[in-house]
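This report refers to the structure that appears directly beneath it.
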Amino acid sequence: MPAPGLFLVSGLAQYGGAALAVALFAVVAAPTVAWLRIAVAAVVLLAWRRPWRARWTRAELVTAAAFGVVLAAMNVTFYVAIDVLPLGTAVAIEFLGPVAVAAVTGRTWRERAGIVVAAAGVVALAGVELRAGGEDGVRGLVAIGLAAACWAGYILLGRRVAVGRAEVDEVPGAGPRPDPRPRPDGIASLAVGMTAGALVGAPFLAAPAAPVLADAGLAAAVVGIAVLSSVVPYAIEQVVLRRVSAATFAVLLAMLPATAAVVGAVALRQLPHGWEVVGLGCVSVAIVLTATRRSPDPDVRDR
């Protein structure tokens, strides 16, 4: 499946899960829902990939852990934001992080043009002037700004996790040392990262999550959120990260504001305005400009 198709599946799952999470905020605090999402996804990925069977280097473990902590911070701040901001608007503002990555790392004219068009789409998707009055508005803007910064870090660290250098242990004077264990792939690294993110957040968010364990309905909803918003999209993105540069990946993420606007309209009755429709068109153009198949970058082919 081409990268745009993969991202469409990823976006529908991710923001379908976000819409489900918004429905829980009335009974469970947004940061707690975000932490539960990470913790449950970590358990699912650990059971699926069993990363302890892989042959890890210290650098790989550190990178995966840093990736997971940034990922957890991104989810917590994003959930705090969508508790007070419309889903499509929040995603559009958060997209400033990927745009910044694309602007710094882009190399071809298609990526540069795609960045400009995607940026115009983000501005249009923001729609009517954001009313930030009151404490809730300030909290939402600060939270989504932090989420944007975390998203930029996620892209950069995520590429390192996905591509990684396939090294072998050396025994002095004896050449490569045979080791039957496989090298960790991107999804195994994702499992380790999410586990690290869940552990870092546990001292702050585990106690408020305890009541969810006593309610089967809430527990089932959290599992659904974790699978839809974490396991499915992030596993897909780890596959795509191996195929494209960080700049192309960042611009492909322009599909997500459009998808969030559609999900918000259908699931949350957050109907898009005229300028938001214009933004969807700009995002589509950006995808066309950047989704053509091309060979791997020579400087990352052997990482």
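Annotations for the structure displayed:
- Overall Cα dimensions of the range 39-130 - principal axes, largest extent first, Å: 49, 38, 19
- Only Lys, Arg (+1) and Asp, Glu (-1) charged, at Cβ; the range 15-133 dipole about Cα centre in debye: 620 debye
- Eigenvalues of the alpha-carbon gyration tensor of the range 38-78, scaled by 5 and square-rooted, set the equivalent ellipsoid semi-axes at 20, 15, 4 angstrom, largest first.
- Principal axis extents of the Cα atoms in the range 1-62, from largest to smallest and rounded to whole angstrom, are 43, 33, 20.
- This ranking places 245, 230, 189 by how few other beta-carbon atoms lie within 10 Å of each, fewest first, which gives 245, 230, 189.
No value in this document is a laboratory result; all are computed from the given coordinates. Note that the structure is predicted; figures quoted are calculated from it, not measured. Please note: Cβ atoms are built from the backbone with ideal geometry, for glycine as well, and neighbour counts cover all protein chains shown.
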